[in-house]
Structures are given as C-alpha cells and as structure tokens.
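Asks: Dumping the structure here so I can ask a few things about it.
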Amino acid sequence: MEKFLVIKITGKAFNNDNYELIKSYIEIFKDLINRNYKLAIIAGGGMLARRYINLARNLGVNNNYILDIIGIWSSRLNALLLASALYPYSYPLPIKDLETLRRVLPYYKAFLLGGLMPGQSTAAVALETAEALGVDMVIDLAAIDHVYTSDPKKDPNAKPLKEITSLELRRYMETGTLPGEYRLLDNHAVDIMERSGIKIYILYYRSPRKILDIVDRGENPGTVIKPVTKE
C-alpha cells in the first residue's frame, strides 16, 4: 500500500550550489520512493528569489504582486531542479496547482511544487498540499533545528522546544519572540494545520537523514508542532 509524505525544504538548501546537500536529499527521496512512498515536495525560493526580488526593486518595481510572482518563479526553478533529478519517478515539471497534483497523482511517485499564488508562503503550500492529499503530517526542513522560546542568536537563554502546540506557536508569533531571520509558519498555514489536524515536524535542513528518524523510527529529532484549537 502506498504511503504519502509531504516534505517542505527551505530555499536555503539551494543556496551557494549546495551540490552534496542536494545529492543527499535526492538519495533519501529515491530510497523512500523505492519503499513505496509517494512524495509531495515543496521547495522555497531562497537566495535566488531574494536576488531577483532585490534586483526588481532596484529597477523600480514596487508592485508586491509582481515581486511575489518573481519569488514564485524562483521557487519553481528550485522545484524543477529536484524534479529533473528524480525523473522518471517524478512528474517532470513543477506542479502549479493542487487540482493538477490530484489529477496526476496515480501516474508518478514524486511531485515537486514551489509557490502557488501571490501572498502565500511555501509553508502554507505545504499545509494545503497535505490537506488536499489527506495527509496528517508535514516534515519541514527549516533554516533552524528547533522552535526556540526566543531567538538563539540574540538570547543565550533561548531554549529549544521538543513539542509545541499551534496555540502556543501563535502566541510566540504574536509577541514577536520567534527569531526574525526565519519564518517557520504564517497564520494561514497555522489555520490549515488546525482545521485539518496536521502536525508539523521541524528539522534542520542540513540534516536531511533525520527524515528517516521520523519515517522509520517514529522519533522526534527536532520540534513537533501539534494542532490544538482550544486550551
């Protein structure tokens, strides 16, 4: 019986030609595919997106819709890189909408996505993808290894959290105590995880083999965010 995994990869994984890191991801994904998993993988835009958005601003582009489109195309280029490396297991192009994903689902083992629409984070894309596929878990390879009580780069007393609820996460987001350098989730993503009961595992993007700690051994090598709507 096929099993589904939804995996989000921060755009930082694609920065500076991280060949060995990307190669590790591809090897892990192929291993999972060979063990009868189907993968929906969402790529962030990373340095490529920031470079082109900054270039556009310097050229006088100040329309946020257009800047978001530039970011989406950048994330899709990262997705295309992974799709090409995983072909013929993967659908050959970045998926641009979830209706297409559901339509081609029977024919491939891996599906690569970037951004879907302006004003939406790739974290929200990952949660929407999990919701569309009826999956109750997202693995988020993020720019940090845990959710912390405050920014560990600024606060020596910041504590890593093994578990946190979505309600607690919202409080951290509202008070601005989460590190400002990375955005794990936005409110829309949290809304989706709560309404569909999806939990999120946060892992450090430079440790992709920890995906197997979750999948094979049911461990929690980072932070798990659990959906809770009431105290």
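Asks: Just checking, does region 63-78 include any residue being open to solvent by 20 Å² or more (accessible area, probe 1.4 Å) and either among the polar types (S, T, N, Q) or part of a strand (DSSP E or B) (or both)?
Replies: Yes, there is a match, as at least one residue in region 63-78 is open to solvent by 20 Å² or more (accessible area, probe 1.4 Å) and either among the polar types (S, T, N, Q) or part of a strand (DSSP E or B) (or both).
Asks: Answer yes or no as to whether LEU167 is farther than 26 Å from ALA40 by Cα and in a helix (DSSP H, G or I).
Replies: yes
Per-residue answers, yes or no, for (1) under 23 Å from ASP145 (Cα atoms); (2) modelled with pLDDT of 95 or more:
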position	(1), (2)
VAL6	yes, yes
ILE9	yes, yes
ASN15	yes, no
ILE22	yes, yes
GLU27	yes, yes
LYS30	no, yes
ILE33	no, yes
ILE42	yes, yes
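Asks: Same structure again: Taking the conditions exactly as written (surrounded by 14 or more Cβ atoms within 10 Å (Cβ to Cβ) and closer than 18 Å to SER207 by Cβ), does LEU5 satisfy them or not?
Replies: yes
Asks: A follow-up question, please. Condition check: part of a loop (DSSP other than H, G, I, E, B) and in contact with a helix residue (DSSP H, G or I) (Cβ under 7 Å, 6 or more places away or on another chain). Does PRO92 satisfy that?
Replies: Yes: the conditions hold for PRO92.
Asks: Something else: Identify, please: which residue in region 1-11 is of a type in the set (D, E, K, R) and more than 11 Å from the chain's Cα centre (by Cα) and is, among those, nearest to VAL215 (Cα to Cα)?
Replies: Result: LYS3.
Asks: Next question, about the same structure. Could you tell me whether any residue of region 51-62 is at pLDDT 95 or above, among the polar types (S, T, N, Q) and under 23 Å from VAL215 (Cβ atoms)?
Replies: The answer is no; no qualifying residue exists.
Asks: Identify, please: which residue in region 79-108 is free of Cβ contacts under 8 Å to residues at least 24 places away in the same chain and among the basic types (Lys, Arg) and is, among those, most open to solvent (accessible area, probe 1.4 Å)?
Replies: Ranking the candidates gives ARG103 first.
Asks: Determine whether LEU178 is part of a loop (DSSP other than H, G, I, E, B), at pLDDT 95 or above and either out of contact with any Cys (no Cβ under 7 Å at 6 or more places or on another chain) or crowded, with 16+ Cβ neighbours inside 10 Å (or both).
Replies: no
Asks: Further question on the same structure: Going through region 204-226 one residue at a time, which ones are open to solvent by 30 Å² or more (accessible area, probe 1.4 Å) and part of a strand (DSSP E or B)?
Replies: The answer is TYR204, LYS226.
Asks: Taking region 119-156, which residues are modelled with pLDDT of 95 or more, of a type in the set (Asp, Glu) and open to solvent by 30 Å² or more (accessible area, probe 1.4 Å)?
Replies: Within region 119-156, GLU128, GLU131, ASP136 qualify.
Asks: When only residues in region 122-162 that are touching a residue at least 40 places away in the same chain (Cβ under 8 Å) and among the acidic types (Asp, Glu) count, which is farthest from GLY197 (Cα to Cα)?
Replies: Here the residue is ASP145.
Asks: Can you name the residue in region 29-43 that is in a helix (DSSP H, G or I) and more than 19 Å from ASN78 (Cα to Cα) and, of all such residues, is most open to solvent (accessible area, probe 1.4 Å)?
Replies: Of everything passing the filter in region 29-43, ASN34 is most open to solvent (accessible area, probe 1.4 Å).
The values are calculated or read from the model by the stated rules, or taken from the named source; none is laboratory data. Quick caveat: nothing in here was measured; it's all calculated off a predicted structure. Cβ coordinates were reconstructed from backbone atoms using ideal geometry, including for glycine residues, and neighbour counts include every protein chain displayed. These accessible areas exclude ligands, DNA and RNA; they are computed on the full protein's heavy atoms, side chains included. Shrake-Rupley method; radii C 1.70, N 1.55, O 1.52, S 1.80 Å.
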